[in-house]
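The values are calculated or read from the model by the stated rules, or taken from the named source; none is laboratory data. The structure presented is a predicted model; accordingly, all values stated were derived computationally and were not measured. Cβ atoms come from the backbone with ideal geometry, glycine included; neighbour counts cover every protein chain shown. For the accessible areas, the whole protein counts, side chains as well, though only heavy atoms, and no ligand, DNA or RNA atoms are used. Shrake-Rupley method; radii C 1.70, N 1.55, O 1.52, S 1.80 Å.
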Amino acid sequence: MTDDPPDADSHYRDAAYYDHAYRRYKSDVGFYVELATGSGGPVLELGVGTGRVATAIAREGIEVVGVDKMTTMLERARRRLEKAPKRVRDRVTLVEGDLRDVRLERRFPFVAAPFNVFQHLYGRHDVERALATVAAHMTPNARLAFDVLMPDPVSLARDPNRYYKSRPVTHPADGKRYGYDEAFDYDHERQIQTTTMRFSDLEDGRERFRETLPQRQFFPRELEALLHYNGFEMLRLDGGFGAEPIDAYTESLVVIARLRR
């Protein structure tokens, strides 16, 4: 039993477009690579996706075990690894599984969940199960690191019936350009914001397809409490990957934690 909203996986079925859409997002890679190399490895990455971070860690000589429940994302990760040198490929193991219940029967000095993975834990029980997974795979002095988006009050207050127009996008599946706009619907009770991404024909304006992306919103002190009551101690809570303070300009909350002693 989970608290997943309907069609929670919509945004991750087309892994080629996912990679295309986020191809310029690199601000987190150095942060996770530094922690991984500092740990000495091996590394467990929960929500490995298309292997963006895992491959970068493996290039630094560290073994990575990457877990993801989406077969589309794992297949894309394998294609990414096929382009990497054999020494890099051999350091990455991909596992299909849900981070809420996967058990690998081994432990790691570093567990990572990059790029808003925990925002797909929609209810308290999901968070508890995910943190139990983390704890089950940590060595005594291991670190957990993850990031989530800082809730944006302006975005959360938007009219859910209004679409906000963005630049046209090129879809890698067919090479065509589509009109692109987004709508934002915030469930105040469940703290879930659903972004609907609409792709339309540039000539006649008709919608061709859409994707949805529901994301649980976590506030800073809420994260601290959830970690504490699940046996963790927060070591750092920053407003960015360069240890920036949390302020009105913060985009990502970045957490480093360990099991409470």
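Of note:
- Residue check: Leu223 meets all listed conditions (1) assigned to a strand (DSSP E or B); (2) among the hydrophobic types (A, V, I, L, M, F, W, C); (3) surrounded by 19 or more Cβ atoms within 10 Å (Cβ to Cβ) but one, namely (1).
- Residues within region 132-150 that are in contact with a helix residue (DSSP H, G or I) (Cβ under 8 Å, 6 or more places away or on another chain) and either hydroxyl-bearing (Ser, Thr, Tyr) or surrounded by fewer than 19 Cβ atoms within 10 Å (Cβ to Cβ) (or both), tallied: 1
- Val65 vs. criteria among the β-branched types (Val, Ile, Thr) and buried (at least 17 other Cβ atoms within 10 Å of the Cβ): yes
- Taking each residue of region 204-231 that is touching a residue at least 12 places away in the same chain (Cβ under 8 Å) and looking for partners that are among the basic types (Lys, Arg) with beta-carbon atoms closer than 6 Å, six or more apart or interchain, yields Arg210/Arg198; Gly231/Arg260.
- Of all residues in region 151-169, exactly one satisfies the criterion of being under 20 Å from the mean Cα position of the chain (by Cα) and open to solvent by 30 Å² or more (accessible area, probe 1.4 Å), namely Asp152.
- Selection within region 111-131 - open to solvent by 30 Å² or more (accessible area, probe 1.4 Å) and either polar (S, T, N, Q) or part of a loop (DSSP other than H, G, I, E, B) (or both): Phe115
- In region 1-26, the residues that are under 18 Å from Lys69 (Cβ atoms), part of a loop (DSSP other than H, G, I, E, B) and among the hydroxyl-bearing types (Ser, Thr, Tyr): Thr2
- Every residue from region 226-261 that is part of a strand (DSSP E or B) and out of contact with any helix residue (DSSP H, G or I) (no Cβ under 8 Å at 6 or more places or on another chain): Leu235, Arg236, Asp238, Ser252, Arg258
- Residues in region 68-108 that are surrounded by 14 or more Cβ atoms within 10 Å (Cβ to Cβ) and assigned to a loop (DSSP other than H, G, I, E, B): Lys69, Met70, Ala84, Arg91, Gly97, Asp98, Leu99, Arg100, Val102, Leu104, Arg107.
- Filtering region 170-220 to residues that are touching a Gly at 6+ places or on another chain (Cβ under 7 Å) and open to solvent by 80 Å² or more (accessible area, probe 1.4 Å) leaves only Leu202.
- Residue ID - most open to solvent (accessible area, probe 1.4 Å), chosen from residues in region 238-255 that are β-branched (Val, Ile, Thr) and over 16 Å from Gln119 (Cα atoms): Ile246
- For region 4-56, a residue qualifies if it is out of contact with any strand residue (DSSP E or B) (no Cβ under 9 Å at 6 or more places or on another chain), more than 26 Å from Asp238 (Cα to Cα) and either surrounded by fewer than 19 Cβ atoms within 10 Å (Cβ to Cβ) or of a type outside the set (D, E, K, R) (or both), and the qualifying residues are Asp9, Ala15, Ala16, Tyr18.
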